[in-house]
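The values are calculated or read from the model by the stated rules, or taken from the named source; none is laboratory data. Because the structure is predicted, anything quoted here is derived from the model rather than measured. Please note: Cβ atoms are built from the backbone with ideal geometry, for glycine as well, and neighbour counts cover all protein chains shown.
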Amino acid sequence: MQTELKEVLTEAAAIISACQNPNDIMNARAQFLGKKSFLSTLYSRMRELPAEERPAFGATINEARAEIENKLAAAEKAIKENAWKSQGPQLDLSLPGIHSERGALHPLTVVRRELESIFLSMGFEIAEGNDIEDEYHNFDALNTPPDHPSRNLADTFYLDNGMLLRTQTSTVQIRTMESHQPPIRIISPGRCYRNDKPDPSHSPVFTQVEALVVDRGISMSDLTDTLQNFATLMFGKGVRTRIRPHFFPFTEPSAEMDISCVVCKGKGCRMCKHSGWLEMGGAGMIDPNVLDIVGIDSELYTGYAFGLGIERIALLKYNIPDMRILFENDIRMLAQFTGASL
């Protein structure tokens, strides 16, 4: 092995000295220092040597590796210096400066970060999951019956392997409850997918943030307090919330959350269809069947969950009339968010 090592060093010196550009250096580094290089295989072959010879041979390998690394570094430096010299003068002080446009965060990113900051301040943790899910976590574990319309091809994107693009981030809540025992207090922001035709208020790809709280003694009043605190922190102190009876397979009882119109302050306008209220999302107490499915004792624990559309919040917060504007990347709209600091 000593003889082979010397031959490798000789070969490496020749190839490195012949390198003409950074790509040659990269190839040489992979050839002599990569995972499949001769030096790497020598480490595994050391067991063939007597125990008393291994430390010395290991030191020899390390010295050889250091020698190759030094040659590569020197060759790379020389190539860069030659490239710099060949380009001639690099700076003409008589030329006018180049103005750099200031970048900005997309409004959806601004809203998502603000949402996360609000819920973190309220004691929630952030949990994330995969966009591709199985039917069990997207439907079955959420107490969705086999004949529910949301399972149809007209609503859900199914893949050839039997998986699907998640229709809600509630899948993250199920996986969290499967792997953690209460108390649980999380939000799960992320993209969702539904077979919707794009229009001013719908998109086949959208972002949600869903919240989940499971503990002893959780009640509907805890849910309404959380929703009111969120609305106040997101839209201001003058915003009021209300909940209306509804139905969702995941929760019982279920409700829809509304906030007082942020445009007319509840007086009635085109935005709120003169009702004074704006729909925000679904909410409710977690159905005991769901807790039992994931292995949480529904006799000891209760919980609540709710979901909010991040696009919906962005439309209201920035008075954007059409959801499609958020996905068109029109520089005139994005430029308005240059001062965003989140």
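Can you tell me which residue in the stretch 10-40 is surrounded by the most Cβ atoms within 10 Å (Cβ to Cβ), limited to those that are more than 42 Å from the chain's Cα centre (by Cα) and more than 19 Å from LYS80 (Cβ to Cβ)?
Selected residue: ALA12.
Could you check the stretch 158-197 and list, in sequence order, the residues that are among the hydrophobic types (A, V, I, L, M, F, W, C) and assigned to a loop (DSSP other than H, G, I, E, B)?
LEU159, MET163
Could you list, in sequence order, the residues of the stretch 200-254 that are within 22 Å of GLU178 (Cα to Cα), small (Gly, Ala, Ser) and loosely packed, with under 14 Cβ neighbours inside 10 Å?
GLY217, SER219
Go through (1) out of contact with any helix residue (DSSP H, G or I) (no Cβ under 8 Å at 6 or more places or on another chain); (2) at pLDDT 95 or above; (3) in a strand (DSSP E or B) one by one and return the number of the condition TYR304 breaks.
Here TYR304 clears every test but (1).
Scan the stretch 100-121 for residues that are exposed (fewer than 15 other Cβ atoms within 10 Å of the Cβ) and in contact with a strand residue (DSSP E or B) (Cβ under 9 Å, 6 or more places away or on another chain) and jot them down.
The answer is LEU120, and nothing else.
Is it the case, given these coordinates, that THR241 is hydroxyl-bearing (Ser, Thr, Tyr), touching a Leu at 6+ places or on another chain (Cβ under 7 Å) and over 20 Å from HIS148 (Cα atoms)?
Yes; evaluated as a whole, the condition is true for this residue.
Checking GLY303 against (1) under 21 Å from the mean Cα position of the chain (by Cα); (2) buried (at least 23 other Cβ atoms within 10 Å of the Cβ): exactly one of these is not met. Which one?
Tallying (1) under 21 Å from the mean Cα position of the chain (by Cα); (2) buried (at least 23 other Cβ atoms within 10 Å of the Cβ), GLY303 fails exactly one: (1).
Restricting attention to the stretch 136-183, and to residues there that are in contact with a helix residue (DSSP H, G or I) (Cβ under 6 Å, 6 or more places away or on another chain) and in contact (Cβ under 8 Å) with a residue 40 or more places away in the chain, which single residue is nearest to GLU210 (Cα to Cα)?
In this case the residue turns out to be SER170.
Could you list all residues from the stretch 216-274 that are hydrophobic (A, V, I, L, M, F, W, C) and assigned to a strand (DSSP E or B)?
So the first thing to find is which residues in the stretch 216-274 are hydrophobic (A, V, I, L, M, F, W, C), and the list is 218, 220, 223, 227, 230-231, 233-235, 239, 243, 247-248, 250, 255, 257, 259, 261-264, 269, 271-272.
ILE243, PHE247, PHE248, ALA255, MET257, ILE259 - these are the residues of the stretch 216-274 that are hydrophobic (A, V, I, L, M, F, W, C) and assigned to a strand (DSSP E or B).
Looking at TRP277 and the list (1) closer than 17 Å to LEU212 by Cβ; (2) out of contact with any Leu (no Cβ under 7 Å at 6 or more places or on another chain), which single condition is not satisfied?
Failed condition: (1).
Output the residues belonging to the stretch 241-272 that are at pLDDT 90 or above and either of a type in the set (D, E, K, R) or not assigned by TED's automatic domain parsing to the domain that holds VAL290 (or both).
Selection gives ARG242, ARG244, GLU252, GLU256, ASP258.
Could you look through the stretch 41-79, keep only residues that are surrounded by 15 or more Cβ atoms within 10 Å (Cβ to Cβ) and small (Gly, Ala, Ser), and pick out the one that is farthest from SER17 (Cα to Cα)?
Looking at residues that are surrounded by 15 or more Cβ atoms within 10 Å (Cβ to Cβ) and small (Gly, Ala, Ser), I get ALA64.
Within the stretch 285-297, take every residue that is in contact with a helix residue (DSSP H, G or I) (Cβ under 9 Å, 6 or more places away or on another chain) and surrounded by fewer than 16 Cβ atoms within 10 Å (Cβ to Cβ) and give me the one that is farthest from ASN229 (Cα to Cα).
GLY295
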